[in-house]
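The values are calculated or read from the model by the stated rules, or taken from the named source; none is laboratory data. Quick caveat, the model's predicted, so the values are computed rather than measured. Glycine also receives a Cβ, built like all others from the backbone with ideal geometry; neighbour counts cover every protein chain displayed.
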Amino acid sequence: MSTILEANQLVKKYGEFQAVKGVSFSMDEGEVFGLLGPNGAGKTTLISMLTGVLQPTSGEARIGGFDITREPLQVKRLIGLVPQDLALYPTLSARANLNFFGSIYGLRGASLAERVDDVLQIVALSDRQNDAVEKFSGGMKRRVNIAAGLVHQPRLLFLDEPTVGVDPQSRNHIFESVQKLNRERGTSIVYTSHYMEEVELLCNRVAIVDQGQIIALDTIKNLVAMLGGGVIHVGLRQFDSALLVKLSQQPAVQSAEILPAPMESKPDVDAEAPESAISLIKIEALHSQEALVNLIQFINDYDLAIASLEILEPNLESVFLHLTGKKLRE
Amino acid sequence: MNIWNFIKKDWAIFFKDRGAVLWLFILPLIFIIIFSGLARLSMGDAGASSSEEKDDRAPIAVVNLDPQGAIARQFVQDLDRQPAFRVQLYEQEAAEESLRKVKIARYLLIPVDFSSRLAQGQAVTLTIVVHPDADASTTQTVMRLVNGVANDISLELQILDGIRQMGEMQANNPAVQSSFNAERIMQQAKEQFERSRLTPLISINERAPQTAEKEREPLLDLSQSFVPGFCVLFVFLSASTVARSLLEERKSGALRRLVAAPITRAALLASKMAPVFLLTLVQIAFIFLVGATLLPVLGFGSLSIGQSPLAWVLTSIVIALCSTCLGILIAGLVRTEGQVSGLSSALLWVAGFLGGAIFPPFIIQRMPVLNVLSRLVPQSYATTAYYDVLTRGKDLLDIWPNLLILLAFSALFFFVGTSRFKFE
Ligand SMILES: Nc1ncnc2c1ncn2[C@@H]1O[C@H](COP(=O)(O)OP(=O)(O)OP(=O)(O)O)[C@@H](O)[C@H]1O
Ligand SMILES: [Mg+2]
């Protein structure tokens, strides 16, 4: 397998603010690569640099062997971009939009018409092709938005949150289109989302992005395996570090740590009654069921009060929570 | 990538926008008609001088300094008999005064010794005194007709003179009587005719009035006055069409898609300029077509493109280019679309006013402060170039400095605009 994309220490600063803080990864031809991260993680900024929309502040990247800053035109011939925001001419018909976006890649005449027919079929909009885009539903607009990035048959397609604000029916259409493109045409795809279900369904490998950095990058299987036998979050009152040591020595418990207090806990309440403060403890288990039984026993033995209990499912959402202590979406 | 795809796309978007079409084509028309009407009301008939060409009996002012002379009287009568003219006799002072107040655009001056010199077969010169802002093509027409009448008279005089000479010779020498047959007379007449063609007895020259430059009021020549100005005004207003279409493209995100396509940014901006540039040329052609066809039907003077079509075409192209580049500058300077329709449109109107696009440039340039300010806006050079070409009969050799300045403005606008424009 050849490498289609290679990014090395990409940095983007907006003034003093670093939106992307040295991102490196590489991607094989034919791969569907997920970028999973919460709002403001820097996914769009990263994609903008890779597609030549933004100049990187530092770092470099190659696509199909071409340097993105030094050989932008060669790079741009290989790639397609489906921007996060709708990027269409609302008063023009779907077909006119696709004709135009195809034509800027040098397509014309019969071959252009053929490709436009083809992508209209992929996004299942052939019957509405002559209607103005502004008359479409949100989901249909999204589908045209995707189609516009496909007309020139890019080798590498960047899809930036293609399913935002989309009804389930359109969402399924989009998933099918992405899979079809990848399996039947061999298109490599970078898929950005903050829905872990989408990424789990579509992607071979996933980079989890937070605050401008890739904090984990692997296949979904390996990422989920990071949770090991499972992760349990438990909120306990009157907990202290001595108890933490004892807890971490329980059978089937691999490690235990106190998570920093969440923002919403009110400091003045804590000050008045410190003994009632809740500690949030993260337990990484070798085996979650066994660890849970031991945990209940432990709580009983020390006469602790449970404030909350959560067993993390083995999915990317949990991986994200596990890695950052934050939820992917609020 | 092919620029035609951009043009087709932007035109498709443009023509779906009724308001934009109205703005580009209908509004200039309404302005021209309303202003021409208002001007005509306020100036009475005097302003309608450009209709001289059309009117069968247009008045021509004549100052006859030789009122007793028989030939001068006959000349005036002959002139009056021309289907195109109705002679209005003036005293010289009154004529100068009328010229100064722009009640007339030109007058014909017959010198004191007109009859006496001609009677002796000596050459004389007629003078046409022309207001500097008078329509050059009308002046040409007047000159031609006066010339025609003068030629007839001088031919007549020369033939009569020839016959008189022959009569005298015959009286002195009866021996040659037999030779004065019809054939000989015809021959003589023919020779005289040839001579009068080659060395006409009556010549015509053209000069400006004697009044000092400052006292003179500029000539307001309805359509010729308003159409070029409004053309410039509205062409420059289309700068905001460029800016708006660029900002809209950025706002919709389509620009991001285009930036990710294999097109350089300069080419991208040029592709955004081309559709409006071409549309502006169509707009200019439309305004002039209406000026030439519809205005006469409505009773206003017709609009001509002047003596030099090349100068008119080049001026139009340079003006359209300058306005499109101004659009790029606006797009580079403002942040939102709202600012384009608000602030920058208002500024374009002000610049249009300063540049003599609403009131002709020679009016603006007579006011000290406005005169200085007007030099800062490209519209001034555009209107001046148009007026020179359209109403003063000037050609490329006369107006090229203005075109050069407009090109310099265009380059400046494009450079600053492209370096300031944010594609994100
Ligand atoms: N033009 C800009 N100027 C300044 N800051 C910006 C700009 N664009 C983005 N940012 C900041 O950079 C950070 C990353 O933004 P980015 O849009 O890349 O995030 P994202 O991961 O795509 O988020 P989302 O999931 O909401 O689309 C954010 O904090 C954002 O506020
Ligand atoms: Mg984003």
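Here are a few things to note about the model shown:
- The listed residue being at pLDDT 80 or above, loosely packed, with under 14 Cβ neighbours inside 10 Å and within 14 Å of another protein chain (Cβ to nearest Cβ), out of B:Ile3, B:Ile13, B:Ile26: B:Ile3
- Residue in segment A:37-58 that is farthest from ligand 1 (Cβ to nearest atom), counting only those that are within 18 Å of A:Thr69 (Cβ to Cβ) and surrounded by fewer than 20 Cβ atoms within 10 Å (Cβ to Cβ): A:Ser58
- Residue-level analysis places B:Ala72 outside the set of residues that are surrounded by fewer than 16 Cβ atoms within 10 Å (Cβ to Cβ) and more than 21 Å from B:Ser137 (Cα to Cα).
- Leading residue by the ranking (nearest to A:Val199 (Cα to Cα)) among those in segment A:135-150 that are free of Cβ contacts under 8 Å to residues at least 60 places away in the same chain and in a loop (DSSP other than H, G, I, E, B): A:Ser137
- You will find that of A:Lys21, A:Lys13, the residue that is within 23 Å of A:Leu323 (Cα to Cα), within 11 Å of ligand 1 (Cβ to nearest atom) and either surrounded by fewer than 21 Cβ atoms within 10 Å (Cβ to Cβ) or modelled with pLDDT of 95 or more (or both) is A:Lys21 and no other.
- Some residue of segment A:120-134 being more than 26 Å from B:Leu246 (Cβ to Cβ), free of Cβ contacts under 8 Å to residues at least 12 places away in the same chain, touching a helix residue (DSSP H, G or I) at 6+ places or on another chain (Cβ under 8 Å) and surrounded by fewer than 22 Cβ atoms within 10 Å (Cβ to Cβ): yes
- Residue in segment A:24-36 that is of a type in the set (Asp, Glu) and within 14 Å of ligand 1 (Cβ to nearest atom) present: no
- The residue of segment A:27-72 that is nearest to the other protein chains (Cβ to nearest Cβ), among those that are within 14 Å of A:Pro154 (Cβ to Cβ) and without any contact (Cβ under 8 Å) to a residue 40 or more places away in the chain, is A:Gly52.
- Scanning segment A:201-213 for residues that are surrounded by fewer than 22 Cβ atoms within 10 Å (Cβ to Cβ) and closer than 12 Å to A:Gly42 by Cβ gives A:Asp210, A:Gln211, A:Gln213.
- Beta carbons closer than 8 Å, at least 6 apart along the sequence or on distinct chains, pair a first residue in segment A:191-214 that is within 16 Å of A:Ser26 (Cβ to Cβ) with a second that is acidic (Asp, Glu) and part of a loop (DSSP other than H, G, I, E, B) for A:Asn204/A:Glu31; A:Arg205/A:Glu31.
A quick yes/no check of all residues on (1) under 22 Å from B:Pro360 (Cβ atoms); (2) free of Cβ contacts under 8 Å to residues at least 60 places away in the same chain; (3) outside any helix (DSSP H, G or I):
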| site | (1), (2), (3) |
| --- | --- |
| B:Gly229 | yes, no, no |
| B:Leu258 | no, yes, no |
| B:Leu269 | no, no, no |
| B:Val276 | no, no, no |
| B:Leu289 | yes, yes, no |
| B:Gln307 | yes, no, yes |
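- Filtering A:Ala277, A:Ala307 for residues that are of a type in the set (Gly, Ala, Ser), within 23 Å of A:Lys326 (Cβ to Cβ) and touching a helix residue (DSSP H, G or I) at 6+ places or on another chain (Cβ under 7 Å) leaves a single hit, A:Ala277.
- Scanning segment B:390-405 for any residue that is in the same structural domain as B:Ala270 (by TED's automatic domain parsing), in contact with a Phe, Trp or Tyr (Cβ under 6 Å, 6 or more places away or on another chain), away from ligand 1 (no atom under 16 Å from the Cβ) and of a type outside the set (Phe, Trp, Tyr) turns up at least one such residue.
- Answer from B:Leu343, B:Leu354, B:Leu347 - the residue that is under 24 Å from the mean Cα position of the chain (by Cα) and of a type outside the set (Gly, Ala, Ser): B:Leu354
- Condition met for B:Thr336 (assigned by TED's automatic domain parsing to the domain that holds B:Ser245 and surrounded by fewer than 16 Cβ atoms within 10 Å (Cβ to Cβ)): yes
- Screening A:Ser103 on (1) under 29 Å from the mean Cα position of the chain (by Cα); (2) among the hydroxyl-bearing types (Ser, Thr, Tyr); (3) modelled with pLDDT of 90 or more shows it passes everything except condition (1).
- Selection within segment A:1-17 - more than 16 Å from ligand 2 (Cβ to nearest atom) and either within 14 Å of chain B (Cβ to nearest Cβ) or part of a strand (DSSP E or B) (or both): A:Thr3, A:Ile4, A:Leu5, A:Glu6, A:Ala7, A:Asn8, A:Gln9, A:Val11, A:Lys13, A:Gly15
- Residue in segment A:165-186 that is within 16 Å of ligand 2 (Cβ to nearest atom) and surrounded by fewer than 16 Cβ atoms within 10 Å (Cβ to Cβ) present: yes
- Some residue of segment B:160-176 being acidic (Asp, Glu) and modelled with pLDDT under 80: yes
- The residues of segment A:73-94 that are surrounded by 21 or more Cβ atoms within 10 Å (Cβ to Cβ), more than 26 Å from the chain's Cα centre (by Cα) and either more than 7 Å from chain B (Cβ to nearest Cβ) or of a type in the set (Gly, Ala, Ser) (or both) amount to a single one, A:Ala94.
- Looking at segment A:22-124, the strands (runs of 3 or more DSSP E) lying wholly inside it that each contain 1 or more residues that are under 22 Å from A:Gln179 (Cβ atoms) and more than 16 Å from ligand 2 (Cβ to nearest atom) sit at A:32-36, A:79-82.
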